Amino acid sequence: MATWQLPPDLGLWLVQMAYALHGRLAFRLAILMTGLLFGRGRRTVASWLRAAGIGKGFKNYYYFLGSLGRNIKFVGGILLGKLRRAPILGGRVLLALDDSPTKRFGKWVEGAGLHHNPTPGPAHQKFVYGHVWVTVALVVRHALWGTIGLPLWALLYVRRKDVKPLTTLYRVEFRTKLELGVELVTWAVAWLKNLGKALWVVADGAYAKRPFLRPVLALGVVVVSRLRKDAALKCLPKPKQPGRRGPQARYGASAIDLSKRAGHAQGWQTDTFTLYGEEKRKKYKTFLATYQPVGGVIRVVLVKEKKGWAAFFCTDANATVGQILEAYADRAALEQVFHDIKEVHGAGQQQLRNYWANVAAFNLILWSHTLIELWAWDKKHSKLADRSASPWDKADRRPSHADRLKALRRQCLENEIPHDQIAGPKNRRLKRLLKQLVQLAACA
């Protein structure tokens with residue numbers, strides 16, 4: 001079996017996360033995660049096992065994935081519990097929620113189905129066959145590298161027409177993406193509510209619906225999302241007249257047409273905001289309105305774009321325009337996470353059929369992304385991205401997730417080299433050769 005020496009802090013995190021598992025199985029988590037980090041080629045589970053040096057006992061690790069899939073919630077809870085004590089959180093805790101598909105092949109893959117393709121590409125493929133994962137991530141800001149997403153937990157969405165076999169086998173019931181999103185946010189808020197900080201949730205416009213908004217707002221969080229251009233907004237209600245019976249009206253009497261508001265030439269303001277890591281000047285309008293899916297007052301922000309306009313809303317009427325726009329822009333960190341786990345870690349390539357094994361494999365990839373980002377948080381730029389061999393590239397460009405993964409591999413490989421035995425002038429050539437081999441192995 002391989003004996004890759006993970007950095008002590010990373011190894012400690014994995015040991016603590018394994019506390020939620022059965023004592024006879026817990027040790028397999030760190031071994032499987034190590035194989036995930038060093039896997040090569042097509043990122044199947046078999047490539048993980050080969051990288052970890054697992055031989056005849058490979059079947060036990062496939063069975064372990066099924067067991068891990070049933071306990072993802074508890075293992076992820078330990079990870080989030082560690083994050084809440086880490087010195088990376090700002091004055092406001094921001095959670096991002098979104099869903100993304102992963103392509104699969106074969107009719108025997110449990111939980112797979114035909115879904116809308118968000119990235120049709122040049123072939124204009126409207127649908128994709130595979131899994132859809134509803135994911136929640138903690139969004140933090142690095143002093144040098146900007147916004148970073150730390151994925152925590154993902155739930156598998158299965159269409160109603162595909163869920164019947166899973167109900168028979170595993171008692172998995174059909175739930176919409178909105179219901180899965182509510183469960184993810186509820187779980188995260190339960191771990192973060194005692195921090196004494198404001199909790200914000202930013203989600204795509206597809207989640208700006210009553211089945212999601214009402215349960216989430218009941219948790220005491222603030223929601224930021226995109227607003228439909230034909231949203232049924234109402235004006236603020238008039239104050240209740242003294243002596244009039246009945247409760248205070250919740251919604252105004254007259255409707256608000258966003259198209260007319262955006263088309264009116266007056267009322268636009270200009271300001272500078274930090275969006276997507278850059279200072280940008282935006283023209284905007286803002287006003288208060290009432291919205292039935294929220295059940296009360298919201299703050300609406302209209303923003304002029306190069307082509308048309310966009311509408312956003314926040315359930316905190318006292319929020320500033322900068323807070324709303326920056327929060328929605330920070331949602332892109334989760335989209336970057338989806339890109340990284342597919343391109344760098346090969347999410348969706350695991351060739352697993354069992355429902356719980358697929359759940360475990362995808363969440364293991366999410367956790368590997370989070371742990372790599374945490375390990376690299378306080379590392380110097382030169383340690384993470386040495387571009388001396390690529391003079392055509394910008395030397396000061398932000399280290400990508402792939403750069404951080406390669407840096408972690410280099411450190412693990414260097415931990416295996418007995419530096420005390422090759423010290424001295426006679427072994428300089430050997431030391432230089434080993435350094436080159438480590439560089440090639442880490443970047444392969």
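The values are calculated or read from the model by the stated rules, or taken from the named source; none is laboratory data. All of these numbers come straight from a predicted model, not from anything done at the bench. Cβ atoms come from the backbone with ideal geometry, glycine included; neighbour counts cover every protein chain shown. Surface accessibility is based on the protein's heavy atoms, side chains included, excluding ligands, DNA and RNA. Shrake-Rupley method; radii C 1.70, N 1.55, O 1.52, S 1.80 Å.
Considered as a group, the residues in the stretch 133-163 that are hydroxyl-bearing (Ser, Thr, Tyr) and more than 15 Å from residue 274 (Cβ to Cβ) include one that is least open to solvent (accessible area, probe 1.4 Å), and that residue is 135.
Let's see how each residue does on (1) under 20 Å from residue 363 (Cα atoms); (2) part of a helix (DSSP H, G or I):
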{"residue": "69", "(1), (2)": "yes, yes"}
{"residue": "73", "(1), (2)": "yes, yes"}
{"residue": "78", "(1), (2)": "yes, yes"}
{"residue": "96", "(1), (2)": "yes, no"}
{"residue": "107", "(1), (2)": "no, no"}
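Does the stretch 254-261 contain any residue that is open to solvent by less than 60 Å² (accessible area, probe 1.4 Å) and under 20 Å from residue 316 (Cα atoms)? Yes, because at least one residue in the stretch 254-261 is open to solvent by less than 60 Å² (accessible area, probe 1.4 Å) and under 20 Å from residue 316 (Cα atoms). In the stretch 73-86, of all residues being in contact with a helix residue (DSSP H, G or I) (Cβ under 8 Å, 6 or more places away or on another chain) and either over 20 Å from residue 373 (Cα atoms) or without any contact (Cβ under 8 Å) to a residue 40 or more places away in the chain (or both), the one that is least open to solvent (accessible area, probe 1.4 Å) corresponds to 73. In the set (1) within 21 Å of residue 79 (Cβ to Cβ); (2) among the charged types (D, E, K, R); (3) touching a residue at least 60 places away in the same chain (Cβ under 8 Å), residue 110 fails one condition alone, (1). Among the criteria (1) under 21 Å from the mean Cα position of the chain (by Cα); (2) surrounded by 19 or more Cβ atoms within 10 Å (Cβ to Cβ); (3) of a type in the set (S, T, N, Q), the one residue 47 does not fulfil is (1). The combined condition, being open to solvent by less than 40 Å² (accessible area, probe 1.4 Å) and touching a helix residue (DSSP H, G or I) at 6+ places or on another chain (Cβ under 7 Å), is not fulfilled by residue 109.
Taken together, 55, 11, 41, 35 contain a single residue that is open to solvent by less than 80 Å² (accessible area, probe 1.4 Å), over 17 Å from residue 365 (Cα atoms) and not hydroxyl-bearing (Ser, Thr, Tyr), which is 55. Does the stretch 20-30 contain at least one residue that is open to solvent by 70 Å² or more (accessible area, probe 1.4 Å) and among the hydrophobic types (A, V, I, L, M, F, W, C)? Yes, the stretch 20-30 contains a residue that is open to solvent by 70 Å² or more (accessible area, probe 1.4 Å) and among the hydrophobic types (A, V, I, L, M, F, W, C).
Cβ-Cβ distances below 7 Å connect the following pairs, each with a first residue in the stretch 242-268 that is in contact (Cβ under 8 Å) with a residue 40 or more places away in the chain, a second residue that is basic (Lys, Arg) and not in a strand (DSSP E or B), and a separation of six or more residues or different chains: 258/229.
Results for (1) in contact with a helix residue (DSSP H, G or I) (Cβ under 6 Å, 6 or more places away or on another chain); (2) modelled with pLDDT under 90; (3) more than 22 Å from residue 179 (Cβ to Cβ), shown as yes or no for each residue.
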{"position": "205", "(1), (2), (3)": "no, no, no"}
{"position": "213", "(1), (2), (3)": "no, no, no"}
{"position": "217", "(1), (2), (3)": "no, no, no"}
{"position": "220", "(1), (2), (3)": "no, no, no"}
{"position": "228", "(1), (2), (3)": "no, no, no"}
{"position": "255", "(1), (2), (3)": "no, no, yes"}
{"position": "260", "(1), (2), (3)": "no, no, yes"}
{"position": "267", "(1), (2), (3)": "no, yes, yes"}
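Could you say which residue among 89, 94 is under 30 Å from residue 225 (Cβ atoms), touching a strand residue (DSSP E or B) at 6+ places or on another chain (Cβ under 7 Å), touching a residue at least 60 places away in the same chain (Cβ under 8 Å) and open to solvent by 10 Å² or more (accessible area, probe 1.4 Å)? Going through 89, 94 in turn, just one is under 30 Å from residue 225 (Cβ atoms), touching a strand residue (DSSP E or B) at 6+ places or on another chain (Cβ under 7 Å), touching a residue at least 60 places away in the same chain (Cβ under 8 Å) and open to solvent by 10 Å² or more (accessible area, probe 1.4 Å): 89. Here residue 216 clears all of (1) crowded, with 16+ Cβ neighbours inside 10 Å; (2) in contact (Cβ under 8 Å) with a residue 40 or more places away in the chain; (3) of a type outside the set (Lys, Arg) except the condition numbered (2).
With respect to the conditions (1) part of a strand (DSSP E or B); (2) within 28 Å of the chain's Cα centre (by Cα); (3) not hydrophobic (A, V, I, L, M, F, W, C), residue 271 lacks only one, and its number is (2).
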